[in-house]
Every structure is written in structure tokens, then in C-alpha cells.
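Enquirer: Dropping the structure in here first, questions after.
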Amino acid sequence: MILIDGKATAAALRAELAEAVAAARSDGARAPGLAVILVGEDPASQVYVRNKERACAEAGIVSFPHHLPAQTSQADLLALIRACNADANVDGILLQLPLPGGLDAQACLLAIDPDKDVDGFHPMNVGRLSLDLPGFVSCTPAGVMELLRRYELPTAGQRAVVVGRSNIVGKPLAMLLSRPGPYGDATVTVCHSRTPDLAAQCRQADFLFLALGRPRSITADMVREGAVVIDVGINRTPEGLCGDADFTAVSKKVRAITPVPGGVGPMTLAMLLANTVQSWRQRLSL
């Protein structure tokens, strides 16, 4: 059984990005820049933002922090986003969600320049993904695909079941798995909380992707022998963090599996940095 180590893979990717940035800077290029917008005092968001800013520094990316009070108006937040759009030193814009009550997150996300939308949430980038055109891909599904590539687990010709239909994970992941190529070309089924006989659907999967948000809800009897299980779920329980799969039991049946924590989670941040570097390269024609 292969234990897919997202922490080590993310570290390797971050090191590769740092090396590429350092090489370009030695030739006179400016550093890539990421504007990080945090509104309010949400403790979890503050931790996430600190981790992102630290990871930026390690990769040679300049972080432009904008920490605003919870009372910030919609007009002021939109004005800041427009300023970041216009700033030539900013290659990516990260708006930390959730926003405090009274602010329209969707309107703010729509205001971000799609060419600086390194989260991959803008409808323009979602549309590009659906048409198999270049663009920024939502970081978590992009991280899943990177794990498949680095562990040489091709999905072409395989049956893939995605459990979860969110705009951030399930839907873009299904589109990525449908794209042509060795790490696409899968026959994809999207399931969710209302799917009849979910267990039967899961048992058909050669590749099972879990993003339902229900702790340990996918049990060993729901998983085919020799399947690959990619568990995107991160659930807080009294016993600690766990995924959507019953890891102890499921891991005894599968060919490969991601742990929680330490699987897909670290890849999300690494792909945010990768998207920022991608934007920087495009903007500087590197």
C-alpha cells in the first residue's frame, strides 16, 4: 500500500518554486508578489494567513499583507481589490474567506482580475477549466492532480468517483479528471449527500475522491479492493483531525491512500504558490 505523503510532496514543490524564482531574480527579474487580504479577527483565518505569508517568504514570493478591521465597508474592500488589480508588482490576489457579516464575498471575488485570481475561483477561470483552456485552477483539486502525477497514478481509462460537488473541490476536480491526458481521461461519476446507494457507487471506483465533509463516513465495505483513495475531507472531531474515510480500515484494502492530516491539505497552499509563480511568469514573459 502506498501512503501518499502530501507534506513531503508540497515541500518538494515549494523548493522547486524557490529555485525557479531565485534563478529568475539572479537574471534581474523582480520577485513575484501576492497580495493577501484579511478582513476581521477570525482566529482560524489569521492562522491560515500567517502560514501563507511564511510559505511565500520561503518560496521567494513577496507578500503584500492587507489586514483590515471587521467594520470595513464593502466599498473600501472593493477599492482595495481594484488597487491590487492595478499594482504591477502584484501577480496574485488572495482574499481570505469567510468575510465578516455584511460583506458580499461573491462580489469581491468577481472584482478580482481573473489574471490575478490565483485561488482559481473567478467564473472566468472556472469557464476556462470547463473548456480545457489555460487558466488558474482551484488550489485543492490542482493539488490532488499534482499528487497523482508525482506518485505516477494515472487515471486514463479508469473509473473515478468524486464524492462531493462543491464549487471549490468537487466540480473542478471532476472537470480535471475528464480532461484528455494520462492524468485525466477518466470516466467520472459525481456523487453527493443525496446520491441513492452511495456505497454501491463508491465500490465501482478505481479512483475514489472524497470531499463530502463527513468524518469517517466512507467505510471499508464501500471501497473496492486495490482502489486509490484521495481523501480531501478535513474534519475536526474530539479525537482530532480526520478525513471522510475510515482510514484504519480502508487503508488495508487499497493500493494507495492519502492520510488526514498530511495528505491533500499541504498541497493546497503549495498550489497557491505555484499559481502565483505561474502568474508572475506570464506577466514577465519568463
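Enquirer: To check you understand DSSP bridge types, tell me what percent of the beta bridges within segment 128-286 (both residues inside) are antiparallel, rounded to 5. Before the final figure, lay out the partial values.
Expert: Details: 3 of 19 bridges.
Once the DSSP bridges in segment 128-286 are tallied, antiparallel ones form about 15 percent.
Enquirer: Taking 51 Å as R0, compute the FRET efficiency from the Cβ-Cβ separation of residue 220 and residue 26 and round it to 0.05.
Expert: Values: r = 52 Å, r/R0 = 1.02.
It comes to 0.45.
Enquirer: Can you give the relative contact order of segment 63-148 as a percent, counting alpha carbon pairs under 8 Å and 6+ residues apart? Write out the running numbers ahead of the final one.
Expert: Details: 71 pairs, mean separation 18.5, N = 86.
Answer for segment 63-148 is 21 percent.
Enquirer: Separate question: Express the relative contact order of the chain as a whole percentage, based on alpha carbon pairs under 8 Å and six or more residues apart in sequence. Kindly include the intermediate steps, with their values, before the conclusion.
Expert: Numbers: 561 pairs, mean separation 59.7, N = 286.
That works out to 21 percent.
Enquirer: Between (i) 103, 45, 28; (ii) 52, 45, 36; (iii) 69, 50, 34, which entry matches Cα extents along the principal axes in Å as derived from the coordinates of this structure?
Expert: Working out Cα extents along the principal axes in Å from the coordinates points to (ii).
Enquirer: What number results when the radius of gyration of segment 92-173, computed over Cα atoms, is divided by 2.2 N^0.38 Å?
Expert: Working: Rg = 14.4 Å, N = 82, 2.2 N^0.38 = 11.7 Å.
Segment 92-173 yields a ratio of 1.23.
Enquirer: For the peptides 5-13, 134-142, what is the packing order when you average, over each peptide's residues, the other Cβ atoms within 10 Å and list the highest mean first?
Expert: On the way: 5-13: 18.1, 134-142: 23.3.
Most protected by this proxy first, the peptides run 134-142, 5-13.
Enquirer: Now a separate question. How much accessible area per residue does segment 116-159 have, counting only protein heavy atoms and a probe of 1.4 Å, in square angstrom? List each step's numbers first, then the result.
Expert: Numbers: 1780 Å² over 44 residues.
Result: 41 Å² of accessible area for each residue.
Enquirer: Before rounding to the nearest 500, sum -39500 (n - 2.57) across all DSSP H runs of length at least 4 in the chain and divide by the residue total; then give [θ] at 222 nm in deg cm²/dmol. Don't jump to the answer; show the numbers that get you there.
Expert: Numbers: 10 runs with 116 residues, N = 286.
Dividing the helical sum by the residues of the chain leaves -12500 deg cm²/dmol.
Enquirer: Expressed in nm to one decimal, what extension gain is obtained for the pair residue 193 and residue 83 from 0.36 nm per residue of sequence separation less their Cα-Cα distance?
Expert: Details: separation 110, 0.36 × 110 = 39.60 nm, distance 4.08 nm.
Roughly 35.5 nm would be gained on extension.
Enquirer: For segment 152-229, what class follows from the C-alpha gyration tensor (a ≥ b ≥ c being the square roots of its eigenvalues): rounded when a/c is under 1.5, otherwise prolate if a/b is larger than b/c, else oblate? Don't skip to the answer; put the middle values down first.
Expert: Working: a/c = 1.94, a/b = 1.28, b/c = 1.52.
Oblate shape, in that a/c is at least 1.5 and b/c is the bigger or equal ratio.
Enquirer: According to a simple spin-label model (label point 7 Å from Cα along Cα-to-Cβ), what is the distance in nm between residue 50 and residue 104?
Expert: 3.4 nm
Enquirer: For segment 1-94, what % of the accessible area comes from carbon and sulfur atoms, probe 1.4 Å? Please report the intermediate quantities before stating the final value.
Expert: Numbers: 2570 of 4550 Å².
Using a 1.4 Å probe with all protein chains present, segment 1-94 comes out at 57 percent carbon and sulfur.
Enquirer: Taking the alpha-carbon distance from residue 52 and a cut-off under 29 Å, which lysines remain once sequence neighbours fewer than 8 residues away in the same chain are dropped?
Expert: Hits, sequence-local ones excluded: 7, 116, 171.
Enquirer: When DSSP assigns beta bridges and you keep just the ones with both residues in the chain, what percent turn out antiparallel, to the nearest 5? The partial results should precede the final answer.
Expert: Details: 3 of 32 bridges.
Expressed as a percentage, antiparallel bridges in the chain total about 10.
Enquirer: I'd like the carbon and sulfur percentage of the solvent accessible area for segment 173-286, probe radius 1.4 Å, heavy atoms only, ligands and nucleic acids excluded. Provide the component values of the computation, followed by the final result.
Expert: Numbers: 2540 of 4990 Å².
C and S atoms contribute 51 percent here.
Enquirer: Take the alpha carbon gyration tensor of segment 33-110, find the square roots of its eigenvalues, order them as a ≥ b ≥ c, and report rounded if a/c is under 1.5; if not, report prolate when a/b exceeds b/c, else oblate. Let's see the in-between values first.
Expert: Values: a/c = 2.33, a/b = 1.25, b/c = 1.86.
Note, shape of segment 33-110 comes out oblate.
The values are calculated or read from the model by the stated rules, or taken from the named source; none is laboratory data. Computed from a prediction, not measured in an experiment: that's the story for all the values here. Here the Cβ is made from the backbone with ideal geometry for all residues, glycine too, and neighbour counts use every protein chain on show. When the accessible area is computed, the model is the full protein with side chains, heavy atoms only, and any ligands, DNA or RNA have been set aside. Shrake-Rupley method; radii C 1.70, N 1.55, O 1.52, S 1.80 Å.
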